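The values are calculated or read from the model by the stated rules, or taken from the named source; none is laboratory data. Keep in mind that what you see is a predicted model, and the values were worked out from it rather than measured. Virtual Cβ from ideal backbone geometry, glycine too; neighbours counted across all protein chains shown.
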């Protein structure tokens with residue numbers, strides 16, 4: 001099934017064993033099912049789900065055209081579909097916030113299994129979009145797709161008070177640091193415009209790596225409207241998940257956890273075991289949220 005397009009390092013899917021264990025539970029209850037991977041990336045979760053899908057359809061969504069093209073070539077897709085026996089794998093260039101419309105356009109009323117990994121893949125790190133402060137020569141874009149303004153334009157125009165609110169709301173930065181960090185960014189752009197990752201690093205470098213990580217995270221979340229879109233996805237989950245189905249969301253920070261809990265209420269939360277954390281550093285802050293409908 002694997003093709004020859006391998007110029008990028010593969011991404012290790014987080015908590016794959018747990019995801020497949022939950023998928024097996026749903027598969028035992030249903031002879032044919034509709035599965036959704038909301039965050040295709042490099043298809044780490046999708047390919048294993050498709051291998052274990054006996055009958056039905058897998059829809060894998062990503063708003064990054066780079067991810068869609070990579071997976072299409074790596075797995076030798078034709079017309080963004082792979083048909084095998086009694087099952088179909090379709091990859092879709094779209095935003096998971098549009099899941100309701102994606103299902104409706106395919107005549108699907110419900111889904112039976114859903115996975116949404118809210119982390120980002122090696123492909124996204126290697127794109128020239130500057131989502132990490134370690135890639136200082138990259139452009140300060142941060143958009144996963146083409147919509148909205150890029151991070152450089154945002155930083156060159158945002159007011160200090162607006163930036164403070166974003167740092168408080170998106171990453172819950174320590175209040176005593178919010179003002180000084182926002183002021184450092186405003187002061188920097190008075191001398192030169194933000195263009196590259198190194199510009200933002202230079203503007204806030206004196207605050208240390210932990211603050212740099214939070215600033216990059218907060219701006220990325222705002223640029224891509226990640227929290228708003230997560231809320232929208234969770235509402236669709238509550239409406240469209242079948243009674244025998246499961247939804248899994250892998251979060252990586254407290255803001256995401258709070259949003260998931262506020263929308264889905266009581267649900268199982270699982271953390272990666274020590275073996276996975278040692279072998280895959282990306283799993284160290286992951287939490288797997290398992291949601292099933294309460295049937296009265």
Taking the criterion of being free of Cβ contacts under 8 Å to residues at least 12 places away in the same chain, farther than 24 Å from residue 250 by Cα and surrounded by fewer than 18 Cβ atoms within 10 Å (Cβ to Cβ), would at least one residue in the range 106-127 satisfy it?
yes
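Based on this model, can you work out whether residue 204 counts as without any contact (Cβ under 8 Å) to a residue 24 or more places away in the chain and either under 17 Å from residue 155 (Cβ atoms) or not assigned by TED's automatic domain parsing to the domain that holds residue 255 (or both)? It would help to see each step written out before you state the result.
Numbers: without any contact (Cβ under 8 Å) to a residue 24 or more places away in the chain: yes; either under 17 Å from residue 155 (Cβ atoms) or not assigned by TED's automatic domain parsing to the domain that holds residue 255 (or both): yes.
It is true that residue 204 is without any contact (Cβ under 8 Å) to a residue 24 or more places away in the chain and either under 17 Å from residue 155 (Cβ atoms) or not assigned by TED's automatic domain parsing to the domain that holds residue 255 (or both).
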- Yes or no: residue 275 at pLDDT below 95, surrounded by fewer than 17 Cβ atoms within 10 Å (Cβ to Cβ), assigned by TED's automatic domain parsing to the domain that holds residue 108 and more than 26 Å from residue 28 (Cα to Cα)? yes
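Looking for something in contact with a strand residue (DSSP E or B) (Cβ under 6 Å, 6 or more places away or on another chain), surrounded by 16 or more Cβ atoms within 10 Å (Cβ to Cβ) and more than 19 Å from residue 171 (Cα to Cα) - is there at least one such residue anywhere in the range 218-237?
First, the residues of the range 218-237 that are in contact with a strand residue (DSSP E or B) (Cβ under 6 Å, 6 or more places away or on another chain): 237.
Now drop any that are not surrounded by 16 or more Cβ atoms within 10 Å (Cβ to Cβ), which leaves 237.
Now restrict to residues that are more than 19 Å from residue 171 (Cα to Cα): 237.
Yes, some residue in the range 218-237 is in contact with a strand residue (DSSP E or B) (Cβ under 6 Å, 6 or more places away or on another chain), surrounded by 16 or more Cβ atoms within 10 Å (Cβ to Cβ) and more than 19 Å from residue 171 (Cα to Cα).
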Residues of the range 276-296 being closer than 14 Å to residue 18 by Cβ and without any contact (Cβ under 8 Å) to a residue 40 or more places away in the chain, in sequence order, are 277, 287
For residue 215, the lone unmet condition from (1) assigned to a helix (DSSP H, G or I); (2) touching a helix residue (DSSP H, G or I) at 6+ places or on another chain (Cβ under 6 Å); (3) farther than 24 Å from residue 162 by Cα is (3)
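Can you pull out every residue in the range 134-163 that is outside any helix (DSSP H, G or I) and farther than 23 Å from residue 68 by Cβ? It would help to see each step written out before you state the result.
Here is the first cut: in the range 134-163, the residues outside any helix (DSSP H, G or I) are 134-150, 158-159.
Hits for the range 134-163 are 134, 136, 137, 140, 158, 159.
Going through 114, 125, 167 one at a time, which residue ends up being out of contact with any strand residue (DSSP E or B) (no Cβ under 8 Å at 6 or more places or on another chain) and either closer than 15 Å to residue 39 by Cβ or not in a helix (DSSP H, G or I) (or both)? Explain how you work it out, then say what you get.
Values: 114 fails: out of contact with any strand residue (DSSP E or B) (no Cβ under 8 Å at 6 or more places or on another chain); 167 fails: either closer than 15 Å to residue 39 by Cβ or not in a helix (DSSP H, G or I) (or both).
Criteria check complete, one pass: 125.
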Across (1) without any contact (Cβ under 8 Å) to a residue 24 or more places away in the chain; (2) closer than 17 Å to residue 133 by Cα; (3) surrounded by 13 or more Cβ atoms within 10 Å (Cβ to Cβ), residue 183 clears everything bar (2)
Answer yes if at least one residue in the range 266-275 is in contact (Cβ under 8 Å) with a residue 40 or more places away in the chain and in a helix (DSSP H, G or I), and no otherwise. no
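Among what's in the range 10-42 and is in contact with a strand residue (DSSP E or B) (Cβ under 8 Å, 6 or more places away or on another chain) and assigned to a helix (DSSP H, G or I), pick the residue that is surrounded by the most Cβ atoms within 10 Å (Cβ to Cβ). Steps first, please.
Here is the first cut: in the range 10-42, the residues in contact with a strand residue (DSSP E or B) (Cβ under 8 Å, 6 or more places away or on another chain) are 13-15, 18-19, 22-23, 25-27, 29-30, 32-41.
Filter once more, so that each one left must be assigned to a helix (DSSP H, G or I): 18-19, 22-23, 25-27, 29.
Values: 18: 19, 19: 24, 22: 21, 23: 22, 25: 14, 26: 18, 27: 21, 29: 13.
In this case the residue turns out to be 19.
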